[in-house]
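The values are calculated or read from the model by the stated rules, or taken from the named source; none is laboratory data. None of these values were measured; they are calculated from a predicted model. Cβ sites come from the backbone with ideal geometry, for glycine too, and all protein chains shown count toward neighbours. In case anyone asks, the SASA skips ligands and DNA or RNA and just uses the protein heavy atoms, side chains included. Shrake-Rupley method; radii C 1.70, N 1.55, O 1.52, S 1.80 Å.
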Amino acid sequence: MHAERPHPRWCGCVPDGSGKVWFREQEAFTRDDTSQVWVRDRPRVGTTSAASDALQGSWTVVPVVMIECPGPWGKRCDSAKFCAPKMMRLSCFPPRQPSPALDLMNSSIVLLPGDGIGPEIVEQARLVLAKVAERFGHTFQFSSHQIGGIAIDETGDPLPQATIDACRESAAILLGAVGGPKWDDPSAKTRPEAGLLKIRKELGLFANLRPIKLFDELAEASPLRADIVKGTDILFFRELTGGIYFGESGTSGSGDDETAFQSMTYSAGEVKRIVRMAAQAARGRSNRLTSVDKANVLEPSRLWRRVAAEVMANEFPDVQYDVVLVDSMAMHLINRPSEFDVVVTGNMFGDILTDEASMLPGSLGMLPSASLGDSGPGLYEPIHGSAPDIAGKGIANPLATILAAAMMLRHSLGLTEEAEAIEAAVAAVITDGLRTPDLARGDQSKSVSTEEMGAAVVAKLTA
């Protein structure tokens, strides 16, 4: 076990104080207080005890060779001078502690199917995860709980306490979708979306990661010309628990004098933590970060711009950093999306821009997202809504939810190889020409159902 003392920036891992370490990149290791390093080819969560029987046969002990990271968080260790054998090209990340429930071989996963097509697509992701567990020798324990409209119908609460408790005890959470016309009454006491906002607050999930990546085979499905969208690979970081969605609100007056208001508020601390997370990700990609605000009009955006600039100048001077106004960014996403890499912005701007960007690949059904905090379980979901118009018809695209499951394996369980297997399986079915109706465009006679697409991904994992 690690002694209680400040820990240096060791490449690829940080201790969580419970005898485990958290790995983030391509190869990983644990260390104990006997100056030994356990080396394995893929990221894992493992004990720091050299006597652990669980690691025998799958890990190798090697001597320590200057494994303290020479640079700031996110800087790659490219020299054997700084890393133990097999430790090339690791990135140093700041601590993000996993859930106390996290266990590599036996992980508890909460499923929140929700409303509309949610149950259909979550079920396909569950089948994919079950196949991953079978193939790689894991045990995933699934439990389903209510959120959104169905929770209102059953309990009167869009996020029952039982759901909150189950999520807190889990290793990760996979969500389908919430909402629908049944619960759209603006005068209703509560709405399904309140459950989604509340779970983010309850779990401290302040960062929403939304990758916008184009499959070349789907370039023709984009509403934009293929030459514009090809090469698009943007990672959005949206601040999730501050801003106007959580600001003070109210109404007053009546008739023509009736007034409504909602306040946009950000603190310097909220800006710092999301900008740091985005900058760290930029260092692991092409070292470019774009911050989006509306500082020419909004006071909270002026604070955002000033604090973000200070963080980048003081902590990430090596990252190429630029600032774009939100209205300009909306235009740039249409005429030159491939020029952007990592983008960080506030809650409302991120909500709008990522929905706009989601059309670049041709369908909302291809895009996953992850909501993360400093510790505990992450929340993973497709970015599309509940699509009540096609619910129960068996034609919903499950690939975004399946890719969200891959993000879950990578970010919450440390199972990068397994995540890559799912992503490769999805790419393979796209290459094979399988399309759900949202992707088939013209010839719907060749489209496949929700279950057929899910089964095809499972088959690729079996092959």
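Which condition number in (1) of a type in the set (Lys, Arg); (2) surrounded by 17 or more Cβ atoms within 10 Å (Cβ to Cβ); (3) under 25 Å from Ser222 (Cβ atoms) is the one that Arg276 fails? Among (1) of a type in the set (Lys, Arg); (2) surrounded by 17 or more Cβ atoms within 10 Å (Cβ to Cβ); (3) under 25 Å from Ser222 (Cβ atoms), Arg276 violates only (3).
Considering only residues that are open to solvent by 40 Å² or more (accessible area, probe 1.4 Å) and either under 21 Å from Val326 (Cβ atoms) or among the charged types (D, E, K, R) (or both), which ones fall in segment 199-222? Show your work before the answer.
Here is the first cut: in segment 199-222, the ones open to solvent by 40 Å² or more (accessible area, probe 1.4 Å) are 201-202, 213, 215-217, 220.
Lys201, Glu202, Lys213, Asp216, Glu217, Glu220 - these are the residues of segment 199-222 that are open to solvent by 40 Å² or more (accessible area, probe 1.4 Å) and either under 21 Å from Val326 (Cβ atoms) or among the charged types (D, E, K, R) (or both).
The set of residues in segment 259-297 being of a type in the set (D, E, K, R) and in contact with a strand residue (DSSP E or B) (Cβ under 9 Å, 6 or more places away or on another chain) consists of Glu270, Arg273, Arg283, Arg285, Arg288, Asp293, Lys294. All of Ala427, Ala440, Ala421 fail the test of being without any contact (Cβ under 8 Å) to a residue 12 or more places away in the chain and out of contact with any strand residue (DSSP E or B) (no Cβ under 8 Å at 6 or more places or on another chain), apart from Ala440.
Can you confirm whether Leu289 is open to solvent by less than 50 Å² (accessible area, probe 1.4 Å) and part of a strand (DSSP E or B)? Judged against the criteria, Leu289 is a match.
Sub-6 Å Cβ pairs linking a first residue in segment 363-384 that is among the aromatic types (Phe, Trp, Tyr) to a second residue that is surrounded by fewer than 23 Cβ atoms within 10 Å (Cβ to Cβ) and outside any loop (DSSP other than H, G, I, E, B), at least 6 apart or interchain, are Tyr380/Ala370, ordered by first then second residue. Cβ-Cβ distances below 6 Å connect the following pairs, each with a first residue in segment 208-223 that is over 16 Å from Arg336 (Cβ atoms), a second residue that is open to solvent by 20 Å² or more (accessible area, probe 1.4 Å) and part of a strand (DSSP E or B), and a separation of six or more residues or different chains: Pro211/Leu235; Lys213/Asp233. Kindly indicate whether Ile422 is of a type in the set (Val, Ile, Thr), open to solvent by less than 10 Å² (accessible area, probe 1.4 Å) and modelled with pLDDT under 95. No; evaluated as a whole, the condition is false for this residue. Search segment 114-133 for residues being out of contact with any Leu (no Cβ under 9 Å at 6 or more places or on another chain) and either among the acidic types (Asp, Glu) or assigned to a strand (DSSP E or B) (or both), and hand back the single one that is nearest to Ala406 (Cα to Cα). The extreme case among them is Glu120. When the residues of segment 199-223 are filtered to those that are at pLDDT 90 or above and in contact with a helix residue (DSSP H, G or I) (Cβ under 7 Å, 6 or more places away or on another chain), which remaining residue is farthest from Ala268 (Cα to Cα)? Out of the qualifying residues, it is Ile212. If the condition is being at pLDDT 90 or above and open to solvent by 60 Å² or more (accessible area, probe 1.4 Å), then segment 183-198 contributes Arg191, Glu193, Lys198.
Of the residues that make up segment 234-243, is at least one surrounded by 11 or more Cβ atoms within 10 Å (Cβ to Cβ), more than 21 Å from the chain's Cα centre (by Cα) and at pLDDT 90 or above?
Taking segment 234-243 as the starting set, the residues that turn out to be surrounded by 11 or more Cβ atoms within 10 Å (Cβ to Cβ) are 234-243.
Those still in the list that are more than 21 Å from the chain's Cα centre (by Cα) too: none.
Scanning segment 234-243, I find no residue that is surrounded by 11 or more Cβ atoms within 10 Å (Cβ to Cβ), more than 21 Å from the chain's Cα centre (by Cα) and at pLDDT 90 or above, so the answer is no.
For segment 207-255, the set of residues classified as within 22 Å of Trp304 (Cβ to Cβ) and of a type outside the set (A, V, I, L, M, F, W, C) consists of Asn208, Arg210, Arg238, Glu239, Thr241, Gly242, Gly243, Tyr245, Gly247, Glu248, Ser249, listed by residue number.
Quick check, is Gly433 over 30 Å from Gly149 (Cα atoms) and at pLDDT below 95? Give the steps one after another, and end with the answer.
Working: over 30 Å from Gly149 (Cα atoms): yes; at pLDDT below 95: yes.
The answer is yes for Gly433.
Taken over segment 250-273, the residue count meeting the criterion of being under 29 Å from the mean Cα position of the chain (by Cα) and either open to solvent by less than 80 Å² (accessible area, probe 1.4 Å) or closer than 21 Å to Ser369 by Cβ (or both) is 10.
In segment 157-181, which residues are in contact (Cβ under 8 Å) with a residue 24 or more places away in the chain and in a loop (DSSP other than H, G, I, E, B)? If you could, list the steps in order and put the result at the bottom.
Of segment 157-181, the ones in contact (Cβ under 8 Å) with a residue 24 or more places away in the chain are 157-159, 163-164, 166-181.
Of everything in segment 157-181, those that are in contact (Cβ under 8 Å) with a residue 24 or more places away in the chain and in a loop (DSSP other than H, G, I, E, B) turn out to be Asp157, Pro158, Leu159, Glu169, Ser170, Ala171, Val178, Gly179, Gly180.
Going by the conditions given, is Ser412 closer than 19 Å to Leu175 by Cα, at pLDDT below 95 and among the polar types (S, T, N, Q)? I'd like the intermediate steps shown before the answer.
Details: closer than 19 Å to Leu175 by Cα: yes; at pLDDT below 95: yes; among the polar types (S, T, N, Q): yes.
Answer is yes for this residue.
Only one of the numbered conditions (1) touching an Asp or Glu at 6+ places or on another chain (Cβ under 7 Å); (2) free of Cβ contacts under 8 Å to residues at least 60 places away in the same chain; (3) surrounded by fewer than 23 Cβ atoms within 10 Å (Cβ to Cβ) is not met by His145, and that is (1).
When Leu413 is tested against the conditions (1) in a loop (DSSP other than H, G, I, E, B); (2) closer than 27 Å to Leu303 by Cβ; (3) of a type in the set (A, V, I, L, M, F, W, C), the lone failure is (2).
Gly176 meets the conditions (1) touching a helix residue (DSSP H, G or I) at 6+ places or on another chain (Cβ under 8 Å); (2) modelled with pLDDT under 95 in every case but one. The failed one is (2). The test for being touching a His at 6+ places or on another chain (Cβ under 9 Å), at negative phi and small (Gly, Ala, Ser) holds for Ala166.
Of all the listed residues (Thr436, Thr462, Thr416, Thr401), the sole one being open to solvent by 60 Å² or more (accessible area, probe 1.4 Å) and either in contact with a Pro (Cβ under 6 Å, 6 or more places away or on another chain) or more than 14 Å from Ala125 (Cβ to Cβ) (or both) is Thr462.
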